[in-house]
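A.B. asks: Here you go, one structure.
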Amino acid sequence: MNRDEVQEYIKERYPGFTVKSKKTIPCRNSRIFMLDLCKGPIQDKIVVKISRNYQPSEVALEFANLSRFYYGCKDEAFSSPQPLFVDAEKGILAMRYVQGVNLAHMLHEIRPVSLPYLNGAVDLSGMALAKFHRLFRQGENEPISIDYTAPEDDINRFLAESQERMGECNLKTMVTPFFDFTSWNIIIKNNRSKRGMMLYLIDFPRRDYVCTPHLDLARFRFGLELVKQFPPAKFFGLNRWDADSLFDRFLSSYCREMHVVLNQDDLWLIARARLANIRRAQDLTRKGRYGLQPKLEQAYLQTFSRQWLDQGDVFSKWPRMGLAEKA
Ligand SMILES: Nc1ncnc2c1ncn2[C@@H]1O[C@H](COP(=O)(O)OP(=O)(O)O)[C@@H](O)[C@H]1O
Ligand SMILES: [Mg+2]
């Protein structure tokens, strides 16, 4: 569907409304259309997300998960865009537009913010992930299920190698993983609350996996490291933010909300899942051609991930042993 077709489609969905297409963003897995709707005094901004290479069931599940979080999460500090409708056969998902800045843009220094503000956003990210995990909790003894037909060899290898450790972890809950819990899928909006900001999660999971929460924790960590490899974040002001410190904050905030203190086995699992993420991202055939992220990842991987992977042991570079000892 092109821009005009989307506009026509929405006009049919919302009879009597004038529909103006404002902006189109081609992304890695989707095209995002931002539209203004107007009928007399009623004005609305909506986002229509059209998936690429989708299975209708995946689009339906993304909508169901977005709805489950939106209606289940009654928190004044974080939420998600309000779900509007889904047309799974056509790969269309519609939600309300949320104003704000992508956390990745703050980290990349494209939209620089002060360090206290960034810290606040990262604290909220940890809380939001904990909330997601509480809402998408599975039984503690629920067997792990990652779709073996999906191209997720690295994740599956991580799970197979981690079985023994899982029993020793303090973080025992099984969850439906968010899967792509990175700063690209977090939008932060300024407001007048005590925290001065509100967080929105976007891009909800499209698969019904059951896994340990460590996978999402590691994915966030990997996302921070990824951003850190590129200018301007890499060069401007040198220590404006630091991946280790931000991740420590994120993890502390998450653990506080989950009422859990991580042990050495938990940290091992996160470190191992981080390696799985690095390997997974190396597999360029699974990436689309669109958007900033795949291009960044590709460039980054050529220079950095080889060196990391060659270090062998999962604890190389992270987690710092200090943190492990404290735990
Ligand atoms: N409800 C929304 N309000 C404002 N911007 C949005 C909304 N949904 C998506 N976006 C923008 O579109 C981008 C891609 O959306 P996302 O759901 O993450 O798609 P993809 O699955 O392709 O990553 C986001 O990074 C964000 O900038
Ligand atoms: Mg996304």
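A.B. asks: Does any residue of region 162-179 turn out to be under 22 Å from Phe222 (Cβ atoms) and of a type in the set (Asp, Glu)?
C.D. replies: Scanning region 162-179, I find no residue that is under 22 Å from Phe222 (Cβ atoms) and of a type in the set (Asp, Glu), so the answer is no.
A.B. asks: Could you grab me the full set of residues in region 113-134 that are free of Cβ contacts under 8 Å to residues at least 60 places away in the same chain and surrounded by fewer than 19 Cβ atoms within 10 Å (Cβ to Cβ)?
C.D. replies: Listed by number, the residues that qualify are Ser114, Pro116.
A.B. asks: Condition (residue is crowded, with 17+ Cβ neighbours inside 10 Å, over 30 Å from Lys11 (Cα atoms) and outside the structural domain of Cys211 (by TED's automatic domain parsing)) applied to region 136-150: is it met by at least one residue?
C.D. replies: no
A.B. asks: Which pairs turn up if I take residues in region 211-233 that are closer than 26 Å to Ser162 by Cβ and look for partners that are among the polar types (S, T, N, Q) and at pLDDT below 95 with beta carbon separation below 7 Å, at least 6 apart in sequence or on another chain?
C.D. replies: Pro213/Thr173; Ala218/Asn277; Arg219/Asn277; Phe222/Asn277
A.B. asks: Looking only at region 244-273, how many residues end up being within 14 Å of Leu129 (Cβ to Cβ) and of a type in the set (S, T, N, Q)?
C.D. replies: Residues meeting the conditions: 2.
A.B. asks: Identify all residues within region 191-217 that are closer than 15 Å to Gly120 by Cβ, at pLDDT below 95 and within 16 Å of ligand 1 (Cβ to nearest atom); write none if there are none.
C.D. replies: Within region 191-217, Asn191 is the sole residue that qualifies.
A.B. asks: Could you list all residues from region 36-64 that are within 13 Å of ligand 1 (Cβ to nearest atom) and either under 13 Å from Leu84 (Cα atoms) or assigned to a loop (DSSP other than H, G, I, E, B) (or both)?
C.D. replies: Selection gives Asp44, Lys45, Ile46, Val47, Val48, Lys49, Arg52, Asn53, Tyr54, Glu62, Phe63.
A.B. asks: Among the residues of region 164-188, write down those that are in a strand (DSSP E or B) and in contact with a Leu (Cβ under 8 Å, 6 or more places away or on another chain).
C.D. replies: Of everything in region 164-188, those that are in a strand (DSSP E or B) and in contact with a Leu (Cβ under 8 Å, 6 or more places away or on another chain) turn out to be Ile186, Ile187, Ile188.
A.B. asks: Consider Ile32 against the criteria (1) within 28 Å of Val210 (Cα to Cα); (2) within 15 Å of ligand 1 (Cβ to nearest atom); (3) not polar (S, T, N, Q): it satisfies all of them except one. Which criterion is unmet?
C.D. replies: (1)
A.B. asks: In addition: Please pick out the residue among Leu103, Leu107, Leu66 that is at pLDDT below 95, within 16 Å of ligand 2 (Cβ to nearest atom), under 27 Å from Arg192 (Cβ atoms) and not hydroxyl-bearing (Ser, Thr, Tyr).
C.D. replies: Leu107
A.B. asks: Hey, another quick one. Please verify whether region 170-183 includes one or more residues that are of a type in the set (A, V, I, L, M), within 21 Å of the chain's Cα centre (by Cα) and closer than 30 Å to Arg96 by Cβ.
C.D. replies: Scanning region 170-183 turns up at least one residue that is of a type in the set (A, V, I, L, M), within 21 Å of the chain's Cα centre (by Cα) and closer than 30 Å to Arg96 by Cβ.
A.B. asks: Sticking with this structure for a sec: Within region 87-112, count every residue that is within 22 Å of Thr176 (Cα to Cα) and more than 13 Å from ligand 1 (Cβ to nearest atom).
C.D. replies: Result for region 87-112: 1.
A.B. asks: Return the residue satisfying two criteria in turn: it lies in region 203-213 and is assigned to a loop (DSSP other than H, G, I, E, B) and buried (at least 18 other Cβ atoms within 10 Å of the Cβ), and of such residues it is farthest from ligand 2 (Cβ to nearest atom).
C.D. replies: Per the stated criteria, the residue is Thr212.
A.B. asks: Taking the conditions exactly as written (farther than 19 Å from Glu8 by Cβ and near ligand 1 (Cβ under 9 Å from one of its atoms)), does Arg68 satisfy them or not?
C.D. replies: Against the criterion (farther than 19 Å from Glu8 by Cβ and near ligand 1 (Cβ under 9 Å from one of its atoms)), Arg68 does not qualify.
A.B. asks: Among (1) within 16 Å of ligand 2 (Cβ to nearest atom); (2) surrounded by fewer than 22 Cβ atoms within 10 Å (Cβ to Cβ); (3) of a type outside the set (Phe, Trp, Tyr); (4) at pLDDT below 90, there is one condition Val227 misses while meeting the rest; what is its number?
C.D. replies: Unmet for Val227, out of (1) within 16 Å of ligand 2 (Cβ to nearest atom); (2) surrounded by fewer than 22 Cβ atoms within 10 Å (Cβ to Cβ); (3) of a type outside the set (Phe, Trp, Tyr); (4) at pLDDT below 90: (2).
The values are calculated or read from the model by the stated rules, or taken from the named source; none is laboratory data. This is a predicted model, so every value here is computed, not measured. Neighbour counts are summed over all protein chains in view; Cβ atoms, including those assigned to glycine, are modelled from backbone coordinates with ideal geometry.
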